[in-house]
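In what follows, a single structure is set out as structure tokens and then discussed.
Derivation of every value follows stated rules applied to the coordinates shown; laboratory data play no part. Bear in mind that the values here come from a model prediction, so they are computed numbers and not experimental data. Cβ sites come from the backbone with ideal geometry, for glycine too, and all protein chains shown count toward neighbours.
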């Protein structure tokens, strides 16, 4: 069962990465077709203030929410691929602790 779940996650992760790359490629082709007068010469960005307050988790979630859609697809695809590698056992984590006696 664990292998089946890992295979499904690997397939979905691959599809997400390829879908994100395809969306980025399609957007690049569309930008190449647009006349140069249609682009914003000022290069205005919608990125929020760099001095935003909050916890590390809230700043991370805020940064992830500002990613464009294709980048989010690729990010989630990589997360699924990493989780499938952990599930199948290709990546393992180990922790041990020892206490000395006197």
Potential extension, residue 33-residue 85 segment - 0.36 nm per residue separation minus Cα distance
14.7 nm
For the pair residue 63/residue 25, report the inter-label distance in nm, with labels modelled 7 Å from Cα in the Cβ direction.
2.9
Whole-number D in µm²/s for the stretch 52-102 (Stokes-Einstein; Kirkwood sum over Cα pairs; 20 °C, 1.002 mPa s)
150
One finds, for residue 99 and residue 3 with R0 = 35 angstrom and r their Cβ-Cβ distance, a FRET efficiency to the nearest 0.05 of 0.40
Listed with the fewest Cβ neighbours within 10 Å leading, 2, 72, 59 appear as 2, 59, 72
